[in-house]
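Novice: Sharing a structure with you now.
The values are calculated or read from the model by the stated rules, or taken from the named source; none is laboratory data. Since we're looking at a predicted model, the values are computed, not measured. In this analysis, Cβ positions are derived from the backbone assuming ideal geometry, glycine residues included, and neighbour counts consider all displayed protein chains.
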Amino acid sequence: MTAELNPPQRILMGPGPSDVAPSVLRAMAIPLLGHLDPAFLQIMNETMDLLRKVYQTDNKLTIAMSGTGSAGMETVFVNLVEPGDKVIIGVNGLFGTRMVDVAERCGATVIPITAPWGEIIPPKAVEEALRLHPETKLVGIVHAETSTGVRQPLDEISEIVHRTEALLICDMVTSIGGCPTEVDKHKIDAAYSGTQKCLSAPPGLAPVTMSEKALEVINQRKTKVQSWYLDLSMIQSYWSDERAYHHTAPISMVYSLREALRLIVKEGLENVFERHERYGTALHLGLEAMGLELLVAKEHRLHQLTSVRIPQGVDDAAVRKELLERYGLEIGGGLGDLKGQIWRIGLMGYNARQTNVTLFLAALEDVLRNQGYEMTAGAGVQAANRYLTK
Ligand SMILES: *Cc1c(COP(=O)(O)O)cnc(C)c1O
């Protein structure tokens, strides 16, 4: 017989999924309601209200799509793009690359703006691309590039895009709940995210928000949205007073998202962002005190996801294996252009805490020493603690 499920305990400090807060896990164990039960409709309304708070928007269409972050990406593109449309996409990491793929599958002609992995997309490049392609329908940009640890500033790009008729689309999968995602302030026309990064819920929902202007573009489509499952015109009717059945909502996931968002709003958005900044900075200082080099320039670093260069002569896979097996710690390796060159360390949501910073730095020191990498004993933990007690 197959034994009862009993996986090992881990601390998930990679690029996601991150650890889930205990009350979020408990919410998932609550018995189901029917997806048209008035009590569940109430829970959906509360979830939408909480999502608007965390997205910092008044957008009416602010809902959780069924599926992971990539389903959010796909939702935005299948609904806004029609075959032959021109779109500009910033590509400075894996998720910009994925956006291009998704947009092309929708029949878009993509104008990519590339930047080296680990750097931001220069606003001037967006300006130039829009000048060369004035008929562009939308500009897609990744706010928090999880494959590199770069945080893309949005003010200038937003200003540039809105000098034209184009829509601004933003991937906020890793930024939501970890740093400000000011959808209204930055006039972002459509944004999507996922539940398993800084929201600290399990993977399975993709919160999406759309401006009135974006909805207008959808209303004026000449062709049907090619995905039945992700067609917002129908899903909207379920997440509104109409409550028309489209597909069965993943009830337990909605419970978990509502609780995860409730925790964020209860702590206070500013406090949540400050906590990420505080422990992320402590981690950065600790790593540097160990003689390690961070990939991203200080002013563009994310705090919820840190990428650090693997020192010469150190075995990438062996270090991650030892962290996992001896400390129960999961971190991420590099992707694409950065495969084998960096580690990615997440301090996302519930995990952005002092104990995780110090445990990780101590564990990494031990594991690196086994690889022959020399450093002053305790330097990482000391630097982090010095900053945290200041
Ligand atoms: C994780 C991630 C995605 C994809 O989300 P999945 O939940 O893996 O489908 C998209 N964009 C960014 C920036 C991400 O970090």
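Novice: Considering only residues that are crowded, with 21+ Cβ neighbours inside 10 Å and either outside any helix (DSSP H, G or I) or within 11 Å of the ligand (Cβ to nearest atom) (or both), which ones fall in segment 48-70?
Specialist: Scanning segment 48-70 gives Thr57, Asn59, Thr62, Ile63, Ala64, Met65, Gly69.
Novice: Return the residues of segment 307-337 that are at pLDDT 95 or above and assigned to a helix (DSSP H, G or I); say none if nothing qualifies.
Specialist: Scanning segment 307-337 gives Asp316, Ala317, Ala318, Val319, Arg320, Lys321, Glu322, Leu323, Leu324, Glu325, Arg326, Tyr327.
Novice: Among (1) in contact with a strand residue (DSSP E or B) (Cβ under 9 Å, 6 or more places away or on another chain); (2) surrounded by fewer than 18 Cβ atoms within 10 Å (Cβ to Cβ); (3) small (Gly, Ala, Ser), where does Gly268 come up short?
Specialist: Among (1) in contact with a strand residue (DSSP E or B) (Cβ under 9 Å, 6 or more places away or on another chain); (2) surrounded by fewer than 18 Cβ atoms within 10 Å (Cβ to Cβ); (3) small (Gly, Ala, Ser), the lone unmet condition for Gly268 is (1).
Novice: Counting just the residues of segment 195-228 that are free of Cβ contacts under 8 Å to residues at least 24 places away in the same chain and assigned to a loop (DSSP other than H, G, I, E, B), which one comes out nearest to the ligand (Cβ to nearest atom)?
Specialist: Trp228
Novice: Being over 16 Å from the mean Cα position of the chain (by Cα), assigned by TED's automatic domain parsing to the domain that holds Val225, within 26 Å of Val150 (Cβ to Cβ) and surrounded by fewer than 23 Cβ atoms within 10 Å (Cβ to Cβ): is that true of Thr97 here?
Specialist: Details: over 16 Å from the mean Cα position of the chain (by Cα): no; assigned by TED's automatic domain parsing to the domain that holds Val225: yes; within 26 Å of Val150 (Cβ to Cβ): yes; surrounded by fewer than 23 Cβ atoms within 10 Å (Cβ to Cβ): yes.
No: the conditions fail for Thr97.
Novice: Against the definition (at positive phi and either among the basic types (Lys, Arg) or assigned to a helix (DSSP H, G or I) (or both)), how does Arg262 come out, yes or no? Give the steps one after another, and end with the answer.
Specialist: Working: at positive phi: no; either among the basic types (Lys, Arg) or assigned to a helix (DSSP H, G or I) (or both): yes.
When the stated conditions are applied, Arg262 does not pass them.
Novice: Also, I was wondering about something else. Looking at segment 20-41, is at least one residue over 28 Å from Glu216 (Cβ atoms), touching a residue at least 12 places away in the same chain (Cβ under 8 Å), within 16 Å of the ligand (Cβ to nearest atom) and surrounded by 17 or more Cβ atoms within 10 Å (Cβ to Cβ)?
Specialist: Scanning segment 20-41 turns up at least one residue that is over 28 Å from Glu216 (Cβ atoms), touching a residue at least 12 places away in the same chain (Cβ under 8 Å), within 16 Å of the ligand (Cβ to nearest atom) and surrounded by 17 or more Cβ atoms within 10 Å (Cβ to Cβ).
Novice: Regarding Ala282, is this residue at negative phi, in a helix (DSSP H, G or I), surrounded by fewer than 22 Cβ atoms within 10 Å (Cβ to Cβ) and outside the structural domain of Ala64 (by TED's automatic domain parsing)? Before you say what the answer is, go through the steps one by one.
Specialist: Details: at negative phi: yes; in a helix (DSSP H, G or I): yes; surrounded by fewer than 22 Cβ atoms within 10 Å (Cβ to Cβ): no; outside the structural domain of Ala64 (by TED's automatic domain parsing): yes.
No.
A quick yes/no check of all residues on (1) more than 16 Å from the ligand (Cβ to nearest atom); (2) among the hydroxyl-bearing types (Ser, Thr, Tyr); (3) in a strand (DSSP E or B):
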site	(1), (2), (3)
Glu104	yes, no, no
Val110	yes, no, yes
Trp117	no, no, no
Ile120	no, no, no
Ala125	yes, no, no
Ala129	yes, no, no
Thr136	yes, yes, no
Gly140	no, no, yes
Ser147	no, yes, no
